Amino acid sequence: MELWYNKNSVPTFDNKTSKSILHPFTFGKYRGHTLNVYQGCQHRCGYCYATYEWSPEFYDKIYAKSNAPELLENEIRKWRSGTIEPVMISSATDSYQPAELKFELTRKCVNILQKYNIPYYVFTKSSLIYRDLELHERYKDNCFIVWSITTCNENIRRCLEPGTPPASIMFKIIRNFANRGVRCAVNIDPIVPLITDSFENINTIITNCRAAGVKNVFGAFLRIRFDIWKRMKIVFKLLNVDSDLFVTNYNKLYNFTDPIRHDYNLRIDRNYEIDFMQNLEKKIRENGMTFDFPSLKGISYNKNLKFKNVDKNQLTLTNYV
Ligand code: SF4
């Protein structure tokens, strides 16, 4: 069976330089900047949204943006007076994938964000973040670690996201962060219909979140695009389910027929989503956690201020959570 990555090859690493590193984003009521210090991702998730120009290279050749720390510092220093919104590390790669062991670009960039008092989120599904526990701990009022966990079922995880660590390891690490006062959220994303949206799967994740000291839990259903759909059909085969039946059910749930159009970016049936999300919210609340994305505020930044004085303008997470 043809996989979406080269199963027998070890990813190769290369350096590249970038022209810019902070890019603005808006997501609903949230605004901020993305920071991606790697291109490509060794976690090899079949559902990955960062693969618009998909080729196995995305999973097998990882580029380190070697000038990322210098760029980041320059972009902050050249910032025109105004607000610096929170920085999201990362949106199109995983900042703590194995490449970070070799290049340490995430650690260097986090140090720079802390130096300038800029709030940040780290999105990850990697256990390597444990290396930086102390680093994030010293900034715990101004950062949020968002862990992406889709399933506690090892068989499903191995097929769906073969380069990630098991959820049991991730929850141990989350507990360590939470015990040290670092605020942790879990993003159940994507929720993969008919595969990870079972009562059992979701309950297990929520129970583990509560036990680990997670504050916020939220999630979103898988979106279907041309490249993702191709990989999902391979996942059906890997899981040994009735592929034809799953294809038919997905066609119904996402309202499309094969061959899927290249320009589609499909959401699941609205009623299916609403029913599921209402139940999810209820369970999260019953377990004493918040069903929402954790909110961080930007800082007022005047380039004439010395950064050590910026604190007085800064709103911390404690104000919002
Ligand atoms: S961890 Fe994120 S960026 Fe990496 S392959 Fe998985 S979904 Fe894509």
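The values are calculated or read from the model by the stated rules, or taken from the named source; none is laboratory data. The structure presented is a predicted model; accordingly, all values stated were derived computationally and were not measured. FYI the Cβ positions are ideal-geometry reconstructions off the backbone, even for glycines, and counts take in every protein chain you see. Keep in mind that these areas ignore ligands, DNA and RNA; they rest on the heavy atoms of the full protein, side chains included. Shrake-Rupley method; radii C 1.70, N 1.55, O 1.52, S 1.80 Å.
When the charge dipole of the chain is built from unit charges on Cβ atoms (+1 for Lys and Arg, -1 for Asp and Glu) and taken about the Cα centre, the candidate among ILE299, ASN251, PRO24 whose Cα reaches farthest toward its positive end is ILE299.
Only protein atoms count toward the accessible area here, which uses a 1.4 Å probe; on the range 12-294, the carbon and sulfur part of that area reaches 49 percent. Note on LYS252: aspartates and glutamates with a C-alpha under 15 Å away, same-chain residues under 8 apart excluded, are ASP244, ASP269, GLU273. Taking Lys and Arg as +1 and Asp and Glu as -1, the other residues whose beta-carbon sits under 15 Å from that of LYS16 total +1.
When the dipole is taken about the Cα centre of the chain, and only Lys, Arg (+1) and Asp, Glu (-1) are charged at their Cβ, what size is it in debye, to the nearest 20?
On the way: 45 positive and 33 negative charges, 229 e Å.
Taking the Cα centre of the chain as origin, the dipole is about 1100 debye.
Note on LEU194: accessible area approximately 70 square angstrom, rounded to 10, probe 1.4 Å, nucleic acids and ligands left out. Placing unit charges on the Cβ atoms of the charged side chains and taking the dipole of the chain about its Cα centre, the candidate lying farthest along the positive direction among ALA185, HIS136, ILE206 is HIS136.
Computed over protein heavy atoms with a 1.4 angstrom probe, the accessible surface ordering of GLU2, GLU281, largest first, is GLU2, GLU281.
Sum up the charges of everything whose Cβ sits under 12 Å from the Cβ of ALA167, counting Lys and Arg as +1 and Asp and Glu as -1, but leave ALA167 out. Before the final figure, lay out each step's value.
Working: positive: LYS125, ARG157, ARG158, LYS172; negative: GLU154, GLU161.
With Lys, Arg at +1 and Asp, Glu at -1, the net is +2.
Quick check: net charge around LEU238, other residues with Cβ under 15 Å of its Cβ, Lys/Arg +1 and Asp/Glu -1? With Lys, Arg at +1 and Asp, Glu at -1, the neighbours total +4.
Computed over the chain with a Gaussian network model linking Cα atoms closer than 10 Å, the most mobile of ILE260, ILE174, ILE149 is ILE260.
The residues of the range 12-294 present an accessible area of 45 Å² per residue when probed at 1.4 Å with all protein chains retained.
The convex hull built on the alpha-carbon positions of the chain has an orientation-averaged projected area of 16.2 nm².
Cross-link partners for LYS237 among the lysines, with Cα-Cα distance under 18 Å and sequence neighbours closer than 8 places in the same chain left out: LYS7. Annotation for the range 1-38: trypsin sites (Lys or Arg not before Pro) lying in DSSP loop with at most 14 further Cβ atoms inside 10 Å of their Cβ are LYS7, LYS19, LYS29.
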